[in-house]
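See structure below.
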Amino acid sequence: MTAVETPTSSAGAARTVSPEFYVKVVWVAAVLLAGIIFTGSAVRLTSSGLGCEDWPQCSADRIVPEWGFHPWIEFGNRLISLAVSASVGLVVWLAYRRTPRRSDLVRWSWGLVAGVVIQILLGGMTVLVDLHPLFVAVHFLLSAALMANVLVLAARARAGSADTRPAYPPCRIWHSRVVVLLASLVLVAGTLVSGTGPHGGDTRADRLDLSLVSIARAHSLLAWLLLAAIAAFALATRAKPPPIIRWLMAILVIQGGIGYWQYAAGIPAGLVELHIVGAVAIWCSVIWMHLGLFERSPAGRQ
């Protein structure tokens, strides 16, 4: 007796995506989330932060600005945020269409949506308070939190299961958590340096009433502590080093060189932008290193 195959509904197939495709979409969102950090810093470093003085419109009587360098630099960053929002919305939608559906991916994808919504509102408030440095700092730190979120989502999506187990001893897991904490403190201190330094995004922007020398030294000290903690972690795991550890140490050394260079050169905008790129690269590498300390089922099993 010949078996009769039941044809697969084309409509049903169109409503589902494979785990491999979902991973690619998550990485696209990750690239866009990183990209808008760099374009946002370019807005500040070109003194275009108040190129559009209102929000969500550019001005009280115009949605789109008249042609001009500063207005379009700032408004262009707003347009890029639309691409970020669309990519994050797609990540959530496809989390429900992924076969099989996983509740952990749905939860983490909604975390991205919440973060992006808060980020958009915070960006508008930052413009309305004339780029107050504390608002700018929180704006950047929320972007760092979103990058951590999307990396967790990517790590989980590329695995075949939500179940994890440590691949290293508990002391190494805690050591890695200390590294993540130090990296977080370095980012916070970096935003205080930026809030005290000359690049406020506009000549009308307030600056923090801090000693630039003192806060820069504190930032540098935390960076040295981070380097020491990562070097100690590399030494402790030399028998089974995380794949990203050498890359992380290399960019830390380069980042430190750029930091001292920009300080000695009077904090030029170009070097500050490079320093921000390095900061994002270090933060993402630290998060990815920590995620790599846990084992998951290989992709495609669940």
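The values are calculated or read from the model by the stated rules, or taken from the named source; none is laboratory data. Model, not experiment: these values are computed from the prediction. When we count neighbours, we look across all protein chains shown, and the Cβ atoms used for this are built from the backbone with ideal geometry, even at glycine.
The set of residues from region 85-96 being surrounded by fewer than 20 Cβ atoms within 10 Å (Cβ to Cβ) and β-branched (Val, Ile, Thr) comprises just one member, VAL92. One residue is enough: does region 216-223 have a residue meeting the conditions small (Gly, Ala, Ser) and farther than 29 Å from GLY49 by Cβ? Scanning region 216-223 turns up no residue that is small (Gly, Ala, Ser) and farther than 29 Å from GLY49 by Cβ. The single condition among (1) of a type outside the set (A, V, I, L, M); (2) under 30 Å from ARG107 (Cβ atoms); (3) part of a loop (DSSP other than H, G, I, E, B) that CYS171 does not meet is (3). Being within 23 Å of ALA42 (Cβ to Cβ) and either among the polar types (S, T, N, Q) or surrounded by fewer than 19 Cβ atoms within 10 Å (Cβ to Cβ) (or both) is not true of ALA250. Within region 189-217, the set of residues being buried (at least 16 other Cβ atoms within 10 Å of the Cβ) and in a helix (DSSP H, G or I) comprises ALA189, GLY190, THR191, LEU192, VAL193, SER194, GLY195, THR196, LEU212, ILE215, ALA216. Quick test for you: out of ALA114, ALA154, ALA167, ALA144, pick the one residue that is over 24 Å from SER48 (Cα atoms), buried (at least 17 other Cβ atoms within 10 Å of the Cβ) and not basic (Lys, Arg). Within the list ALA114, ALA154, ALA167, ALA144, the selection yields ALA154. Look at (1) in contact (Cβ under 8 Å) with a residue 40 or more places away in the chain; (2) out of contact with any Ser or Thr (no Cβ under 9 Å at 6 or more places or on another chain); (3) of a type outside the set (D, E, K, R); (4) surrounded by 21 or more Cβ atoms within 10 Å (Cβ to Cβ) and you find that GLY51 fails only one, number (1).
Mind listing just one residue for me: the one in region 1-58 that is closer than 29 Å to SER285 by Cβ and touching a strand residue (DSSP E or B) at 6+ places or on another chain (Cβ under 7 Å) and, of those, modelled with the highest pLDDT? Taking the candidates together, the pick is TYR22.
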